[in-house]
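Participant: The following block contains the structure, expressed as structure tokens.
The values are calculated or read from the model by the stated rules, or taken from the named source; none is laboratory data. Every value quoted in this text rests on a predicted model; they were computed, and no experiment measured them. Neighbour counts run over all protein chains shown; Cβ positions are idealised from the backbone, glycine included. Note: accessible area is taken over every heavy atom of the protein model, side chains too, but ligands, DNA and RNA are not part of it. Shrake-Rupley method; radii C 1.70, N 1.55, O 1.52, S 1.80 Å.
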Amino acid sequence: MEEEKGRVCVTGATGYVASWLIMTLLRRGYSVHATVRSDPEKKRDMSFLTSLPEASKKLKIFHSDLNDPNTFEAPIKGCVGVFHVATPTPAHFENEPDEVVIKKTIDGTIGILKLCLESKTVKRVVYTSSTAAIDFSEKSGDVMVMDESFWSDVDYIKKLKSFASSYWVSKTLTEKTALEFSERNGLDLVTVIPSYVVGPFICPNLPASLEVALSMILGKPEFYNMLLNVNMVHVDDLVRAHIFLLENPNTKGRYICSSDIISIADLANFLSAKYPEFTIPTIESLQDLIDGSHRKAPILSSKKLKDSGFQFKYGIDEIFDGAIQCCKEKGYL
């Protein structure tokens with residue numbers, strides 16, 4: 001099977017999207033080189049990856065660090081494709097100036113792309129970006145639909161002074177720099193721009209995006225403002241889009257991957273009707289938050305991805321069914 005599908009590298013293997021991607025790649029007959037951050041004391045439980053079907057024969061784990069891109073040389077060697085999913089998150093940014101964090105993120109990605117070029121075997125790189133690279137600009141509140149032509153304004157993000165500003169800036173500049181580097185050096189690279197990723201998970205910890213998406217069930221009102229109008233995609237649709245973009249050579253450039261958008265009012269009604277076992281906030285209790293919102297999130301258009309031949313499988317029902325069932329099984333609900 002490996003001769004047919006080949007070997008691919010997935011960075012950031014312990015994360016929500018990357019772990020689901022690894023599971024799907026193994027199921028489809030790929031051999032996978034997975035990178036994780038160094039764990040000298042061996043405290044991290046990797047059994048959720050090593051126990052996957054086919055993992056004993058087709059999965060190899062490497063310790064790599066974005067601060068030292070050369071540590072990715074071994075996992076990239078011999079691979080036909082690279083999925084660069086790893087990225088520092090706001091939790092990694094404590095005690096470091098924004099400029100340092102942003103530079104490290106860009107330099108780490110460019111270092112990986114250089115290794116892909118030098119490998120002589122990598123035919124395509126799929127880079128996982130973020131809607132943070134599209135969402136933030138003066139004009140974003142004035143449009144109904146956003147596509148791949150939109151880019152976030154770094155100066156606008158900095159003015160927001162959010163705890164996540166460094167992350168938003170780093171995702172914007174890293175995607176832009178990666179595309180420019182690849183164009184200049186003849187590296188075949190496509191980028192995936194996912195909306196909010198929700199659904200089941202195999203990683204041991206509750207993914208941050210699920211903590212927000214399920215905040216009305218989990219009783220975490222501090223996250224409600226992030227649900228005012230939220231674009232969503234099922235994790236399995238997102239992973240299938242990654243593989244689709246690797247396998248289809250006619251695809252080029254950026255691709256938004258988002259299947260649905262829902263308002264907090266519609267989400268509250270949906271959750272209370274479908275999952276009566278949970279106490280969901282009433283519309284009345286959310287009204288002040290809804291009235292105080294001055295920005296209606298535009299629809300993120302996946303037209304380019306769908307026009308390329310990709311089909312979404314899941315809607316809001318399946319997105320939340322998978323997430324809630326998984327949270328119950330893992331003891332989060």
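Participant: From the list 152, 140, exactly one residue is under 27 Å from residue 241 (Cβ atoms) and not in a loop (DSSP other than H, G, I, E, B). Which is it? Can you show your working first?
Facilitator: Details: 152 fails: not in a loop (DSSP other than H, G, I, E, B).
From the options 152, 140, the qualifying one is 140.
Participant: Taking the conditions exactly as written (over 23 Å from residue 186 (Cα atoms), open to solvent by 80 Å² or more (accessible area, probe 1.4 Å) and of a type in the set (Phe, Trp, Tyr)), does residue 163 satisfy them or not? Show your work before the answer.
Facilitator: Details: over 23 Å from residue 186 (Cα atoms): yes; open to solvent by 80 Å² or more (accessible area, probe 1.4 Å): yes; of a type in the set (Phe, Trp, Tyr): yes.
Yes.
Participant: Considering only the stretch 27-51, how many residues are among the charged types (D, E, K, R), at pLDDT below 95 and open to solvent by 90 Å² or more (accessible area, probe 1.4 Å)?
Facilitator: Here is the first cut: in the stretch 27-51, the residues among the charged types (D, E, K, R) are 27-28, 37, 39, 41-45.
Filter once more, keeping what is at pLDDT below 95: 37, 39, 41-45.
Keeping just the survivors that are open to solvent by 90 Å² or more (accessible area, probe 1.4 Å) gives 37, 41-43, 45.
Residues in the stretch 27-51 being among the charged types (D, E, K, R), at pLDDT below 95 and open to solvent by 90 Å² or more (accessible area, probe 1.4 Å): 5 in total.
Participant: Out of (1) more than 23 Å from residue 210 (Cα to Cα); (2) aromatic (Phe, Trp, Tyr); (3) open to solvent by 60 Å² or more (accessible area, probe 1.4 Å), what's the single condition that is false for residue 332?
Facilitator: Only one criterion in (1) more than 23 Å from residue 210 (Cα to Cα); (2) aromatic (Phe, Trp, Tyr); (3) open to solvent by 60 Å² or more (accessible area, probe 1.4 Å) is unmet by residue 332, namely (1).
Participant: The conditions are (1) over 16 Å from the mean Cα position of the chain (by Cα); (2) of a type in the set (Gly, Ala, Ser); (3) in a helix (DSSP H, G or I), and residue 162 fails exactly one of them. Which is it?
Facilitator: Condition not satisfied by residue 162: (3).
Participant: Let me ask something else about it. Which members of the stretch 209-228 meet the condition of being part of a helix (DSSP H, G or I) and either under 29 Å from residue 145 (Cβ atoms) or touching a strand residue (DSSP E or B) at 6+ places or on another chain (Cβ under 6 Å) (or both)?
Facilitator: So in the stretch 209-228, the residues part of a helix (DSSP H, G or I) come out as 209-213, 215-218, 221-227.
209, 210, 211, 212, 213, 215, 216, 223, 224, 225, 226, 227 - these are the residues of the stretch 209-228 that are part of a helix (DSSP H, G or I) and either under 29 Å from residue 145 (Cβ atoms) or touching a strand residue (DSSP E or B) at 6+ places or on another chain (Cβ under 6 Å) (or both).
Participant: To continue, here is another question. Please go through the stretch 252-268 and pick out each residue that is touching a helix residue (DSSP H, G or I) at 6+ places or on another chain (Cβ under 7 Å) and farther than 28 Å from residue 178 by Cα.
Facilitator: 262, 264, 265, 267, 268
Participant: It is to be established whether one or more residues within the stretch 192-208 are touching a helix residue (DSSP H, G or I) at 6+ places or on another chain (Cβ under 9 Å) and in a helix (DSSP H, G or I).
Facilitator: Yes: the stretch 192-208 contains one or more residues that are touching a helix residue (DSSP H, G or I) at 6+ places or on another chain (Cβ under 9 Å) and in a helix (DSSP H, G or I).
Participant: Taking residue 247 as meeting all but one of (1) within 24 Å of residue 147 (Cβ to Cβ); (2) touching a residue at least 12 places away in the same chain (Cβ under 8 Å), write down the number of the exception.
Facilitator: (2)
Participant: Looking only at residues in the stretch 65-83 that are modelled with pLDDT under 95 and closer than 24 Å to residue 202 by Cβ, which one is least open to solvent (accessible area, probe 1.4 Å)?
Facilitator: This residue is 66.
Participant: If you go through the stretch 175-188, how many residues are farther than 20 Å from residue 118 by Cα and either in contact (Cβ under 8 Å) with a residue 60 or more places away in the chain or open to solvent by less than 50 Å² (accessible area, probe 1.4 Å) (or both)?
Facilitator: 1
Participant: While we're on this one: Which one is surrounded by the fewest Cβ atoms within 10 Å (Cβ to Cβ), of the residues in the stretch 196-231 that are among the small types (Gly, Ala, Ser) and within 18 Å of residue 13 (Cα to Cα)? Can you show your working first?
Facilitator: Quick first cut of the stretch 196-231, residues among the small types (Gly, Ala, Ser) only: 199, 208-209, 213, 215, 219.
Then keep just the ones that are within 18 Å of residue 13 (Cα to Cα); that gives 199, 208-209.
On the way: 199: 28, 208: 14, 209: 23.
So the residue we want is 208.
Here's the yes/no breakdown for (1) aliphatic (A, V, I, L, M); (2) in a helix (DSSP H, G or I); (3) open to solvent by less than 30 Å² (accessible area, probe 1.4 Å); (4) touching a residue at least 12 places away in the same chain (Cβ under 8 Å):
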{"site": "266", "(1), (2), (3), (4)": "no, yes, no, no"}
{"site": "276", "(1), (2), (3), (4)": "no, no, no, no"}
{"site": "287", "(1), (2), (3), (4)": "no, yes, no, no"}
{"site": "296", "(1), (2), (3), (4)": "no, no, no, yes"}
{"site": "306", "(1), (2), (3), (4)": "no, yes, no, no"}
{"site": "314", "(1), (2), (3), (4)": "no, no, no, yes"}
{"site": "318", "(1), (2), (3), (4)": "no, yes, no, yes"}
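Participant: Right, here's the next one. List the number of the failed condition for residue 172; all other conditions in (1) closer than 30 Å to residue 80 by Cβ; (2) open to solvent by 40 Å² or more (accessible area, probe 1.4 Å) hold.
Facilitator: Checking residue 172 against (1) closer than 30 Å to residue 80 by Cβ; (2) open to solvent by 40 Å² or more (accessible area, probe 1.4 Å), the one that fails is (2).
Participant: May I pose another question? Where in the stretch 1-72 are the helices (runs of 4 or more DSSP H), entirely inside, with at least 1 residues that are hydrophobic (A, V, I, L, M, F, W, C) and more than 20 Å from the chain's Cα centre (by Cα)?
Facilitator: Values: elements: 2-5, 16-27, 47-50, 55-58.
Because the criterion is at least 1 residues that are hydrophobic (A, V, I, L, M, F, W, C) and more than 20 Å from the chain's Cα centre (by Cα), the helices (runs of 4 or more DSSP H) in the stretch 1-72 that meet it are 55-58.
Participant: Counting only residues that are of a type outside the set (Gly, Ala, Ser) and open to solvent by less than 10 Å² (accessible area, probe 1.4 Å), which one in the stretch 101-123 is farthest from the chain's Cα centre (by Cα)?
Facilitator: As a first pass, look at the stretch 101-123 and keep what is of a type outside the set (Gly, Ala, Ser): 101-107, 109-110, 112-118, 120-123.
If we keep only those that are open to solvent by less than 10 Å² (accessible area, probe 1.4 Å) as well, we get 101, 105, 109, 112-113, 116.
Working: 101: 19, 105: 15, 109: 15, 112: 18, 113: 19, 116: 21 Å.
If we take residues in the stretch 101-123 being of a type outside the set (Gly, Ala, Ser) and open to solvent by less than 10 Å² (accessible area, probe 1.4 Å), then 116 is farthest from the chain's Cα centre (by Cα).
Participant: Further, regarding this structure: Can you run down the residue pairs with Cβ atoms below 7 Å, 6 or more apart or on separate chains, where the first is in the stretch 59-79 and in contact (Cβ under 8 Å) with a residue 40 or more places away in the chain and at positive phi and the partner is outside any helix (DSSP H, G or I) and open to solvent by 30 Å² or more (accessible area, probe 1.4 Å)?
Facilitator: Taking only residues 6 or more apart or on different chains, the pairs are 78/7; 78/121.
Participant: Applying the selection to the stretch 232-261, what residues are open to solvent by less than 20 Å² (accessible area, probe 1.4 Å), more than 14 Å from the chain's Cα centre (by Cα) and among the β-branched types (Val, Ile, Thr)?
Facilitator: Once the filter is applied, which keeps residues that are open to solvent by less than 20 Å² (accessible area, probe 1.4 Å), more than 14 Å from the chain's Cα centre (by Cα) and among the β-branched types (Val, Ile, Thr), the stretch 232-261 yields only 251.
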